[in-house]
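*Asks:* A single structure is presented below for examination.
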Amino acid sequence: MAEKSPKILIIGGGFGGLFTALDLSGAGEVTLISDQDHFLFKPMLYEYLSGEVEAWHIAPNFKELLNDEATFIRDTVKNINLAEETVELARRTLDYDVLVFSPGAVTNYAGVQGAEEFALPFRALDDAANLRRRMTEALDGIQPDAAPQDTRAALTFAVVGGGASGVELSTKMADLLRDAVKRRALRGEPRVVIVELADRLVPGMGEEIRKFVEDALEQTRVETYTKTRVVRVTQNSITLEHNGDREELKTAAVVWVAGVRPNPLIQTLHLETDRRGLLLVEPTLQVRGHPNVFALGDIAFYPDVVPTLAGTAQLALQQAHLCAQNIRAFISGGELKSKHFAELGEAVSLGTEHAAVLTGGKVIGGPLARQARFALYTARLPTWHHRLKVGASWFFEGTQPRPLQPLGV
Ligand SMILES: Cc1cc2nc3c(=O)[nH]c(=O)nc-3n(C[C@H](O)[C@H](O)[C@H](O)COP(=O)(O)OP(=O)(O)OC[C@H]3O[C@@H](n4cnc5c(N)ncnc54)[C@H](O)[C@@H]3O)c2cc1C
């Protein structure tokens with residue numbers, strides 16, 4: 001290992017990459033590369049859609065977070081050459097002594113006709129902003145004297161994927177749309193449907209919290225289609241297949257949260273992956289056969305992880321601490337460790353006024369759980385400084401949703 005100031009390159013500024021960089025302060029010349037200029041606390045993207053939080057709360061700038069602890073480069077990684085220990089960016093090539101690979105996942109449209117072209121993804125700030133705009137445009141298109149069935153037709157939205165993400169998103173959309181219909185004194189109701197291939201929603205979720213989820217779907221009047229396959233998506237429709245019967249729904253928008261696949265950058269490594277394309281890592285997070293390369297988060301298959309923890313921020317965050325610890329050991333010639341990662345509890349947003357939180361074996365629901373979720377997530381934001389600023393803002397300025405105003409107002 002280089003005698004001093006080893007070059008540590010980190011690809012990806014998400015839960016895995018950013019938290020590794022923060023923990024590595026002083027360990028070497030740390031450089032974080034991301035194609036975005038900000039971190040994103042994805043579990044609160046639903047609240048950004050509804051205006052309960054602002055961009056600066058959940059998407060702080062890397063330069064502000066990293067201070068002098070690491071160099072930040074905004075660029076897109078195009079290729080990685082493990083033999084030459086170089087990383088090719090759009091504008092230059094960098095070499096490294098230690099590489100951390102954490103570019104996360106991308107939306108998986110599973111080859112469904114029209115899905116990639118027409119369905120909206122929901123993973124980035126811009127995705128939430130686009131969806132909000134589509135919801136507002138749909139509302140703006142309704143005549144003040146429209147019949148109830150016309151309002152319902154104009155405000156039909158489909159959310160594909162009945163996991164936690166689909167539930168959180170659909171309940172938030174339903175509350176926002178219903179509030180807007182009321183404020184604009186329109187007749188009728190919005191229609192939000194959630195489509196799931198399995199026979200039940202949130203299959204991995206514990207029974208205690210499931211009851212709150214089911215109640216919330218009922219209260220927000222989200223329609224659920226289980227055992228239903230999406231056959232086709234177009235600009236203004238979705239075709240569903242249930243028990244062999246096909247049905248086409250006219251939609252204002254289709255949002256796709258039905259699954260992810262590893263970032264395609266993984267293919268440039270030419271390394272062993274599991275059947276889902278995840279990189280196989282040692283219990284120390286080192287990539288097999290490359291002791292100076294560490295991988296974590298949504299692109300890595302870690303052997304000792306319960307299925308419900310795989311592909312979560314909770315896991316990436318815990319792995320980041322182990323990763324930084326092991327990089328320090330690797331540099332100093334010390335012993336690298338493995339770790340059993342714990343489930344830190346579940347917290348789901350359920351519309352704009354409710355949530356359900358499972359922690360320490362107990363579940364709470366309703367408005368109190370919504371506050372608890374905000375408090376819990378404040379504690380998981382990066383850096384003390386940012387946590388304090390956000391905590392103070394939420395405490396003193398509140399976290400009320402921002403109504404869907406007509407565009408241009
Ligand atoms: C809407 C939503 C809600 C979620 N809610 C929860 C939740 O409540 N609880 C939970 O535990 N998990 C949740 N997750 C999952 C969680 O966000 C991920 O598991 C976690 O972000 C994985 O961390 P990561 O570091 O692997 O990837 P990410 O956080 O996705 O970070 C990857 C980073 O790499 C960058 N990048 C990608 N490609 C390149 C490239 N070629 N060049 C440069 N940079 C690149 C990206 O811009 C990004 O900064 C949610 C996910 C979404 C989308």
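The values are calculated or read from the model by the stated rules, or taken from the named source; none is laboratory data. The model shown is predicted, which means the values in this text are computed figures rather than measured ones. Counting neighbours? That spans all protein chains shown, and the Cβs are built from the backbone with ideal geometry, glycine included.
Let's see how each residue does on (1) polar (S, T, N, Q); (2) within 25 Å of GLY333 (Cβ to Cβ); (3) touching a Pro at 6+ places or on another chain (Cβ under 8 Å):
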{"position": "PHE39", "(1), (2), (3)": "no, no, yes"}
{"position": "PRO43", "(1), (2), (3)": "no, no, no"}
{"position": "LEU65", "(1), (2), (3)": "no, no, yes"}
{"position": "SER102", "(1), (2), (3)": "yes, yes, no"}
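*Asks:* In the stretch 311-353, which residue that is more than 13 Å from the ligand (Cβ to nearest atom), over 18 Å from LEU278 (Cβ atoms) and aliphatic (A, V, I, L, M) is surrounded by the most Cβ atoms within 10 Å (Cβ to Cβ)?
*Replies:* Per the stated criteria, the residue is ILE327.
*Asks:* Within the stretch 10-56, track down each residue that is among the polar types (S, T, N, Q), outside the structural domain of PHE101 (by TED's automatic domain parsing) and within 20 Å of GLN314 (Cα to Cα).
*Replies:* Correct list: empty.
*Asks:* Considering only strands (runs of 3 or more DSSP E) fully contained in the stretch 234-323, which possess at least 2 residues that are out of contact with any Leu (no Cβ under 8 Å at 6 or more places or on another chain) and more than 30 Å from GLU335 (Cα to Cα)?
*Replies:* 237-242, 245-250, 260-262
*Asks:* Here's another thing I want to ask about it. Take ALA174 and tell me if it is over 21 Å from the mean Cα position of the chain (by Cα) and either assigned to a helix (DSSP H, G or I) or not small (Gly, Ala, Ser) (or both).
*Replies:* no
*Asks:* Checking the conditions here, which among GLU29, GLU52 is surrounded by fewer than 24 Cβ atoms within 10 Å (Cβ to Cβ), among the acidic types (Asp, Glu) and more than 16 Å from the ligand (Cβ to nearest atom)?
*Replies:* Going through GLU29, GLU52 in turn, just one is surrounded by fewer than 24 Cβ atoms within 10 Å (Cβ to Cβ), among the acidic types (Asp, Glu) and more than 16 Å from the ligand (Cβ to nearest atom): GLU29.
*Asks:* Tally the residues that are buried (at least 21 other Cβ atoms within 10 Å of the Cβ) and near the ligand (Cβ under 8 Å from one of its atoms), restricting the search to the stretch 55-83.
*Replies:* Total meeting the criteria: 1.
*Asks:* With ASP127, ASP140, ASP97 as the choices, which residue is away from the ligand (no atom under 16 Å from the Cβ), within 26 Å of LEU317 (Cα to Cα) and either buried (at least 18 other Cβ atoms within 10 Å of the Cβ) or not β-branched (Val, Ile, Thr) (or both)?
*Replies:* Result: ASP97 is the single residue among ASP127, ASP140, ASP97 that is away from the ligand (no atom under 16 Å from the Cβ), within 26 Å of LEU317 (Cα to Cα) and either buried (at least 18 other Cβ atoms within 10 Å of the Cβ) or not β-branched (Val, Ile, Thr) (or both).
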